[in-house]
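Working notes for the structure below.
A short reminder: the numbers here are calculations on the coordinates, not readings from a lab. The structure presented is a predicted model; accordingly, all values stated were derived computationally and were not measured. Heads up, the Cβs are rebuilt from the backbone with ideal geometry, glycines too, and the neighbour counts pull from every protein chain shown.
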């Protein structure tokens, strides 16, 4: 079908649904074939809104040079080139070439890191794409919404995100939340009836639109527009692209960079002014040397690659979390995960297996047991006393299980590789599994034809379907399934074997007792009832039909706790994280599961939604501090619990799967949606999605979040202390030049710096990116889940870290300058080497000091020798950096470029020993800190 062939669907809201489907060339009962859908996808393109094109390749490359320090280096290279030009004595402009080469290498590394981070985020985006249910070739499929095409038949259910603009063909109590498109705050009722005339968008009740959400009911619709042809696409063309806000951590890193940059510029200006004041700088080359000194100070202080390294480490960490089934939608959420103090979790599917299984069936003739767990239809159904089922009991069981299967929108099928899977609600699917165990499924499928549905709502707590009984001349039957207390109020008769008797007080008491007993055993209860309809009754199709029902029986359903959830909860408690269960189930069920999992003792109080409604704000604040189990809770109560916890200063992670959970998820510090059973609305509102709906994955994500934040602190400690060492080396070397023999090494008129600007550029090149990135993937420490959560708002770099940065930087500078003094004549120690040799030795010591600092910076207090070889990437980066330093000292070409000269073997050992002073100082400092931490506060 070409684009022009869909012109007749320009205003489908005023046309009959059958006509719209015919104009789109699709049969509403079977949908498109796979081949036709593929052809239309190729013709119309993906069902996606056009996004603003990213910057071109050359702009992304140019962005690597948009930095004040880069401008400074470019200016310095120009000054150096002019000096070489005017004082040309042959050879190449080495300083200019080296500065430009280092800039190019840094730009290449930054470009590669940004690409890697972008690829990681894009991969996560693909994992969280919206999906839609469609009818193709007569079968129901769940496909990515991006593959929807005009003519597809959408199957809509409560919680679905509408994937494309579509004309309704059928609807049952369908209401759609359209606030994102029209601003209408209340869900809009929808009907397949055509409009009499064209209407504004908010009044097109026969249409559903891309980007909206099904709040209630079910429906079937034919797709009329996709991608930029949708109403959402029309709005998208009017919107300007907005930049994503920076995270608190990114803001702090940027603030540190600005602070360091400003401080160093001030120091550089003071040093330059001091040099000009005390030195006789008479030549242009001398001026260049002083300017290059200022540049070297600036370059030494600021870790230029820090933002790119930070983004890449976060992206790689989030990818690791995704591989472990925790999909974090924004990198910034990693920070919050490390600070979580409370996890509020649903029970079903998160703390339990999400494999609802009918284990008991209570009918008038007895209590039957169903063997087997999960969705594999294997397991015997036995009568009381393990007897075989027969007679009246079997007749009742057939009606209960087939009736529950009729009053259902779930599906059960076996994949080609033999795995049994369900579609729809797990509780409804449990009836299909038990019915198949009984062997009654085939007869129900051939005997009954579904006609209509009265969908489940949280207010009614039940659902009904109307089916045509082919074995009884097409007689219509209403079958209801719902909460036993609600359903029994609508029953006047009871099924006993093949007979229907009055539902008198005795039968009611017995049925209520069965419900109470099953609930006391932590089983979820659902009752089944039915009644034949009089001719024409189905035309009214409203809840008034659910009266004078025949009660059949009650099933007890269990969703067994996950074994791994109990382990994860214990780990969360050790980490200082409180776990709360919030469920809509019966209080007894909630209490038993909570006790089995270790959330609360068996005798701990359980608050219900009714209890919460009776509490004022002060009472609620007290309740959330003391109570960890909540039952019969509506979604609106979840929001109150989140708000109360946050008011108490807690950092809250909240799970949810239903449409009405979205407000609580959005309000929580970390909203966590279920990836398997969760609706598209909750996934959109959440900050994290569990791909396996498993509570243990939340704790894994918290562990990973803490480890990522620890690693960020590690490489910040390393980068800042190493760069501080460079700054202090240059600054103190100029100030104390007379004490260490630098003045005597020159002619007395020209400034002699301890290191050349090109050497500092080289140090930053080989020691910043590789080791820092390797520290970003450092294995987690043993105490990552044994210490309390990080306080919300706690800075990544606190006062203690700043003290350590200054102390380590000072040790590096002293070791470097003492080495230079050892080799130079004069100064504190008498040496016998030329300036170039002494500077090469000091240059090498500073490189080794920073490489030793890699291992010290992995912990503030733990010894560097603890798990020394745990990070193979770090060792690889250190060895590579050391080899590059050997090359810059011994290769003639690099000697010329960086002002170095080969060292002897003995001097290499001396440099290695001087560089290791950083490690020994750090070990002594950590020992002292550990000793101080062990002293009682009173001392």
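What ranking do 770-779, 604-613, 667-676 get when scored by the average of other Cβ atoms within 10 Å per residue, highest first?
667-676, 770-779, 604-613
Using a simple spin-label model with points 7 Å from Cα along the Cα→Cβ vector, what separation in nm is obtained for residue 85 and residue 276?
2.2 nm
Based on the alpha-carbon gyration tensor of segment 554-654, what equivalent-ellipsoid semi-axes (square roots of 5 times the eigenvalues) come out, in whole Å, largest first?
The equivalent ellipsoid of segment 554-654 has semi-axes of 22, 18, 11 Å.
Mind giving me the nanometre distance, one decimal, between the label points for residue 498 and residue 807, set 7 Å out from Cα along Cα→Cβ?
9.1 nm
For the pair residue 43/residue 564, report the inter-label distance in nm, with labels modelled 7 Å from Cα in the Cβ direction.
Here the modelled spin labels are 4.6 nm apart.
Run the numbers for residue 471 and residue 376: contour at 0.36 nm per residue of separation, minus the present Cα-Cα distance, in nm.
31.2 nm
What number do you get for segment 600-665 when its Cα radius of gyration is normalised by 2.2 N^0.38 Å, N = residues?
1.07
Could you rank the peptides 861-868, 335-342 by their average count of other C-beta atoms within 10 Å per residue, with the highest value first?
Packing proxy ranking, top to bottom: 335-342, 861-868.
Give the calculated FRET efficiency between residue 882 and residue 739 to the nearest 0.05, with a Förster radius of 41 Å applied to their Cβ-Cβ distance.
0.85
Which FRET efficiency value, to the nearest 0.05, is calculated for residue 896 and residue 861 with the Förster distance at 45 angstrom and r the Cβ-Cβ distance?
The value I calculate is 0.50.
Compare the peptides 146-156, 352-362, 820-830, 620-630 by average per-residue count of other Cβ atoms within 10 angstrom and give them in order, highest first.
Ranked from most to least packed, the peptides come out as 146-156, 352-362, 820-830, 620-630.
Work out how far the C-alpha atoms of segment 357-558 reach from end to end along every principal axis, then list the three figures in whole Å, largest first.
If we take the Cα atoms of segment 357-558, the spans are 45, 42, 34 Å.
Bin by bin, in steps of 10 Å, what percent of the Cα pairs in segment 724-856 do you find, going until the bin that has the longest distance?
It works out to 12, 35, 27, 15, 8, 3, 0, in whole percents.
Which translational diffusion coefficient, to the nearest whole µm²/s, is obtained for segment 851-905 from the Stokes-Einstein equation, given a Kirkwood hydrodynamic radius over C-alpha pairs, 25 °C and 0.890 mPa s?
In µm²/s, the coefficient rounds to 188.
Regarding segment 774-844, what whole-number volume in Å³ per residue does the convex hull of its Cα atoms give?
Enclosed volume per residue, from the Cα hull, is 150 Å³.
Mind jotting down the distance between the C-alpha centroids of segment 866-930 and segment 464-523, whole Å?
80 Å
Just how far, in whole angstrom, is segment 338-376 from segment 807-835 if you go by their alpha carbon centroids?
Rounded to whole Å, the Cα centres lie 72 Å apart.
Above 17 angstrom, tally the Cα pairs of segment 565-617 and express them as a % of all pairs, no decimals.
The calculated P(r) of segment 565-617 puts 42 percent of pairs beyond 17 Å.
How much length is gained if the chain between residue 830 and residue 929 is pulled fully straight, taking 0.36 nm per residue apart and subtracting their Cα-Cα distance, in nm to one decimal?
Result for the pair: 31.9 nm of gain on full extension.
Suppose we keep just the alpha-carbon trace of segment 684-726; what are its Rg and Dmax in angstrom?
Here Rg and the maximum Cα pair distance are 16.2, 49 Å.
What do you get for Rg/Rh over segment 507-574 if you use C-alpha atoms and the Kirkwood form of Rh?
1.26
Show me, bin by bin at 10 Å from 0, the whole-percent P(r) of segment 407-485 based on Cα pairs.
17, 44, 32, 8, 0
May I ask you to derive the FRET efficiency for residue 573 and residue 263 from their Cβ-Cβ distance with R0 = 35 Å, giving the value to the nearest 0.05?
E between residue 573 and residue 263, to the nearest 0.05, is 0.20.
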